Amino acid sequence: MTDMNDTPAVHYAVFGSPLGELLVTGDAHGVLTSLSVPGQKGGRSVGAGWVRDQRLFAEAGRQLDAYFAGELKDFTLELRPEGTEFRRRVWDALDAVPYGATTTYGEVAARIGASRAAVRAVGGAVGANPLLVLRPCHRVIGADGSLTGYAGGLERKVQLLTLEGCI
């Protein structure tokens, strides 16, 4: 399905979670492009012409339920977020941070081969992650161990890190 401009329709589903309602978006094949929480900085909200299809994203809902129940540590969903090449490299690096562990912005910069001066840009890319929870930006903390900002809200970051046994 396309809109009047021949751009593919955004498909979406909404799932309940301990973080509030999760809005999942993707394409007509169920490939995920975003996961947003209520009040998220830069998060998405349902747009005109979007197509709601819970069945298309049933596997995402199942995996999210298992994650929040403490039964799933690694998501196996196809993800295709939109972003610059630099942001995609940072987001891919987040996938290497294992469940129950944390990393720093400097470590992410090193992992992608960026200079120490690029730490601020890495922070911006982490903060722009469109796939909260699925791509674990909540596992990135400050160099001093502080729980720095989270687009979904610091209280949700604490919830996720507590669930994973990090704090």
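Could you count how many residues in region 36-51 are within 13 Å of residue 11 (Cβ to Cβ) and either touching a Gly at 6+ places or on another chain (Cβ under 9 Å) or without any contact (Cβ under 8 Å) to a residue 40 or more places away in the chain (or both)? Within region 36-51, residues that are within 13 Å of residue 11 (Cβ to Cβ) and either touching a Gly at 6+ places or on another chain (Cβ under 9 Å) or without any contact (Cβ under 8 Å) to a residue 40 or more places away in the chain (or both) number 2. Step by step: first the residues of region 152-167, then only those that are open to solvent by 20 Å² or more (accessible area, probe 1.4 Å) and aliphatic (A, V, I, L, M), then the one that is modelled with the lowest pLDDT. Which residue is that? Applying the filter and picking the extreme gives 167.
Results for (1) surrounded by 13 or more Cβ atoms within 10 Å (Cβ to Cβ); (2) out of contact with any helix residue (DSSP H, G or I) (no Cβ under 7 Å at 6 or more places or on another chain); (3) farther than 23 Å from residue 141 by Cα, shown as yes or no for each residue.
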position	(1), (2), (3)
35	yes, yes, no
53	yes, yes, yes
64	yes, yes, no
70	no, no, no
75	yes, no, no
100	no, yes, no
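Taken together, 47, 26, 43, 61 contain a single residue that is under 16 Å from residue 152 (Cβ atoms) and among the small types (Gly, Ala, Ser), which is 43.
Here residue 138 meets each of (1) open to solvent by 20 Å² or more (accessible area, probe 1.4 Å); (2) assigned to a helix (DSSP H, G or I) with one exception, condition (1).
Kindly indicate whether residue 90 is within 14 Å of the chain's Cα centre (by Cα), at pLDDT 95 or above and within 13 Å of residue 126 (Cβ to Cβ). Before you say what the answer is, go through the steps one by one.
Working: within 14 Å of the chain's Cα centre (by Cα): yes; at pLDDT 95 or above: yes; within 13 Å of residue 126 (Cβ to Cβ): yes.
Taking the combined requirement at face value, the residue satisfies it.
Just checking, does region 15-27 include any residue being within 17 Å of the chain's Cα centre (by Cα) and open to solvent by 70 Å² or more (accessible area, probe 1.4 Å)? Yes, the conditions are met somewhere in region 15-27.
From the list 24, 14, 37, which one is under 13 Å from residue 81 (Cα atoms), at pLDDT 95 or above and among the aliphatic types (A, V, I, L, M)?
On the way: 14 fails: under 13 Å from residue 81 (Cα atoms); 37 fails: under 13 Å from residue 81 (Cα atoms).
The conditions single out 24.
Of all residue pairs spaced 6 or more apart or on separate chains, those with beta-carbon atoms under 8 Å, a first member in region 70-99 that is within 19 Å of residue 10 (Cβ to Cβ) and a second member that is in a helix (DSSP H, G or I) and open to solvent by less than 60 Å² (accessible area, probe 1.4 Å) are 77/60; 77/63; 81/91; 83/91; 83/125.
Could you give me the residue pairs with C-beta distances under 6 Å whose first residue belongs to region 128-139 and is more than 13 Å from residue 108 (Cα to Cα) and in contact (Cβ under 8 Å) with a residue 24 or more places away in the chain, whose second residue is polar (S, T, N, Q) and surrounded by fewer than 24 Cβ atoms within 10 Å (Cβ to Cβ) wherever it lies, and which are 6+ apart or on separate chains? Taking only residues 6 or more apart or on different chains, the pairs are 130/34.
The values are calculated or read from the model by the stated rules, or taken from the named source; none is laboratory data. Everything numeric here is computed off the predicted structure, so don't read it as measured data. Backbone-built Cβ (ideal geometry, glycine too); neighbour counts: all protein chains shown. For accessibility, only protein heavy atoms count, side chains too; no ligands or nucleic acids. Shrake-Rupley method; radii C 1.70, N 1.55, O 1.52, S 1.80 Å.
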